[in-house]
Amino acid sequence: MTTLSPAQATADLAEFDRTTSRWGRLTMIAGLIISVGGPLYLVLFGNLGITSTQLWTAVAAVLGTFFVIWLVEPITYFPILGPAAMYQAFMIGNISNKLLPSVLVAQTSIGARPGTERGNFAAIMAICGAAAVHLLSLLVFVGILGTWLISVVPAGVTDVARIYVLPAVMGAVIVQAIISMKQLRPTLIAFAVVLLVQFVLLPLVPGLAMVSTAISVIGTIIIAWFARKEAQPAA
Amino acid sequence: MMPTQLVENGSSTNILSIANMPVLWACALGVFAVIILQSVIYIRAARKAAPAAGITGAELKTSFRSGAVAAIGPSLAVVLVAIALLALFGTPAVLVRIGLIGSAAYETGAANIAATTMGATLGDATYTQQVFAVAFFAMSIGGAMWMLTTLIATPLLKRGEHKLAKVNPLIMTVVPAAALLAAFISIGIGEIPKSAAHLITLLTAGVVMALCLFLAKRLNRVWLREWGLGFAIVAALFVAYAAHTAGLGPVA
């Protein structure tokens, strides 16, 4: 390895920062447009008789439910990932269960600390490695094998999968969220608010059914905020 | 290209016929291509600047390899979850939404919320092509919001990292925890009135997940935590099949 003058090193790092910022952003914008393009095509040219009211009501209900998560997650992962890897991570997805473990393993195996230049470079390479494995396994096992599987499995089985996969996912996700968050108060408040909305508010005002989850989310945030433990370290 | 075969005006429940349209496959593979392109650009940039960052070429290779190996287990766990969702969303939507950008929890949640606004339920006779298209669109806008926040927040964080870190840390812990818990608990509890089989499915998945997490901690097996979601979904679907066949499903 040739030794670099400090000025040369700074210039090289600035160049790296420029490249990854520009191309990271451009590729992410491309990913954003292509990923929305598919369903947009279906809605506009699929001849499915979808009205814009139906479309925007659905989008508004989803926005109302998840807006906090969208705002908070990128800010939470920034210190671990570093700026360049942010553009990778939020396009590849499955950050906490796949990318972060890969990053940590890579940083450990070359003895690089997170937040340093070495750590950031190790993170970027680890995410590239993880992406390669992930894309390959998705393409082979879901794209090819899965599509074949769904065509040979009896209709009775796919019908059951279609009807019950939502409660199956949610049952597991609720337990996972409760255990990994380890926040008893917000958990209890969430249960109370949800039960109140589902079994008291909705029977009274059935028209709210389409925004019931958004109401529960906003209600829980407000109550959990005012009922938070003040004993925690002061800000 | 004119999709002349879609003359039913969206009321058909044959989801897979539109979910597997060539355009959607092209878009799904397009996202794959974008990620590959991004990786190539990043690796080349990293190689070039490696000496300046005090990292050797061999260490870059080691990082790539250990990242790849560490991702094998979690990737296959995601594959299992994705396959369980194929009947609901079709392959292209599952590849992009569950496999890549989003995750099973957010995407099925968003699809369910979107379907509800149309007075429909995912998977049953009200789940028409029209509902699928709206749900897919709403999921995709949801995923786009994550990317949009990343695009806006990353340059800001880079400049003023310390300022944002000084926001009351409680806001960053209590508020997202409350939002996440309320969203998933609300969607989960909303399944209970649908039928006894729905309730049994929900509970089975919860119990299996709890068991996996408990054993993962007790036996110190990290892979059990990664596979928990997949195992829980598959086990719950088996139980759902039995319950449905036993006549506990929704009255058609």
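Summary of computed values
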{"item": "Axial C-alpha extent at least 27 Å, average Kyte-Doolittle at least -1.0 - helices from chain B (DSSP)", "result": "B:22-53, B:57-84, B:129-165, B:169-189, B:196-218, B:222-245"}
{"item": "Descending semi-axes in Å of segment A:51-152, equivalent ellipsoid built from Cα gyration tensor", "result": "31, 23, 9"}
{"item": "Relative contact order of chain A, pairs being alpha-carbon contacts under 8 Å that are 6 or more residues apart, as %", "result": "18"}
{"item": "Cα pair distances of segment B:15-160 binned at 10 Å [whole percent]", "result": "10, 30, 31, 18, 8, 2, 0"}
{"item": "Nearest-10 value in Å² for the accessible area of A:TRP56, using the 1.4 Å probe", "result": "140"}
{"item": "Across A:LYS98/A:LYS229; A:LYS182/A:LYS229; B:LYS61/B:LYS158, pairs whose alpha-carbon gap is larger than 21 Å", "result": "A:LYS98/A:LYS229; B:LYS61/B:LYS158"}
{"item": "P(r) weight above 33 Å for chain A, C-alpha pairs, percent", "result": "40"}
{"item": "Enclosed volume per residue, in Å³, of the convex hull spanned by Cα atoms of segment B:205-245", "result": "46"}
{"item": "Selection from A:TYR164, A:LEU135, A:LEU40 lying farthest towards where the dipole of chain A points positive, charges on Cβ", "result": "A:TYR164"}
{"item": "Inter-label distance, nm, simple model (7 Å from Cα along the C-beta direction), A:ARG185/B:ALA196", "result": "4.1"}
{"item": "Accessible area (Å², 1.4 Å probe, nearest 10) - A:LEU104", "result": "90"}
{"item": "Number of partner chain Cβ atoms within 10 Å, mean per residue of A:144-156", "result": "3"}
{"item": "List B:ARG225, B:ARG218, ordered by accessible area with a 1.4 Å probe, largest first", "result": "B:ARG218, B:ARG225"}
{"item": "Area of A:MET210 that stays accessible when all protein chains are in place (1.4 Å probe, Å², to 10)", "result": "70"}
{"item": "Accessible area (Å², per residue) of chain B, counting only protein heavy atoms and a probe of 1.4 Å", "result": "39"}
{"item": "Helical contribution to [θ] at 222 nm, DSSP H n ≥ 4, -39,500 (n - 2.57), averaged over chain A, rounded to 500", "result": "-25500 deg cm²/dmol"}
{"item": "Distance (nanometres) between label positions extended 7 Å along Cα→Cβ at B:ARG47 and B:SER12", "result": "4.9"}
{"item": "Cβ-derived FRET efficiency at R0 60 Å, A:SER52 paired with B:ILE36, nearest 0.05", "result": "0.95"}
{"item": "Size of charge dipole - chain B - debye, nearest 20, with Cβ of Lys, Arg +1 and Asp, Glu -1, no other charges", "result": "1160"}
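The values are calculated or read from the model by the stated rules, or taken from the named source; none is laboratory data. Source: prediction; values computed, not measured. Note that we place each Cβ from the backbone using ideal geometry, even for glycine, and neighbour counts take in every protein chain shown. These area figures cover heavy atoms from the full protein model, side chains too; ligands, DNA and RNA do not enter into them. Shrake-Rupley method; radii C 1.70, N 1.55, O 1.52, S 1.80 Å.
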